[in-house]
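One structure is given here, and the rest of the page talks about it.
The values are calculated or read from the model by the stated rules, or taken from the named source; none is laboratory data. All values reported here derive from a predicted model rather than from experimental measurement. When we count neighbours, we look across all protein chains shown, and the Cβ atoms used for this are built from the backbone with ideal geometry, even at glycine. In case anyone asks, the SASA skips ligands and DNA or RNA and just uses the protein heavy atoms, side chains included. Shrake-Rupley method; radii C 1.70, N 1.55, O 1.52, S 1.80 Å.
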Amino acid sequence: MMPTQMVNQDNHDNDVKVKTVYNGDVMITYINHSIMLEEFTQEMIAICRFPPDQVFTMKWVDEEGDPCTISTQLELDEALRLYELNRDSELTVHGKSTRRNPV
């Protein structure tokens with residue numbers, strides 16, 4: 001499954017460049033500034049190729065290099081706000097799969 005928020009490389013001036021790091025791979029995509037958490041989560045599932053039932057965490061890296069969890073809309077909005085405020089070239093997000101709960 002391909003990421004859903006990919007935009008034309010020539011038309012990303014108003015979008016957020018996201019560098020996703022997962023399992024040693026680095027992937028670049030572009031998202032809308034007003035993306036909702038559910039859309040962002042689906043984007044990470046597609047980019048990282050998580051199975052539908054995979055439990056995972058998303059963390060962005062702040063300006064001090066600290067990882068900050070993205071698990072709510074408020075946390076995502078804050079990451080995007082600081083991206084804008086600091087005029088960063090990209091938002092770095094780390095995906096980490098966690099153990100699935102036994103059935």
Apportionment of accessible area to carbon and sulfur, region 9-75, percent (1.4 Å): 47
Can you give the extra length, in nm with one decimal, that the chain gains between Arg81 and Asn14 once fully stretched, where that is 0.36 nm per residue apart less the Cα-Cα distance? 22.7 nm
Compute the distance in nm between two label points, each set 7 Å from the Cα along the Cα-to-Cβ direction, one at Phe56 and one at Glu90. 1.7
Over region 24-88, with neighbouring protein chains present, the accessible area per residue in Å² at probe 1.4 Å is 58
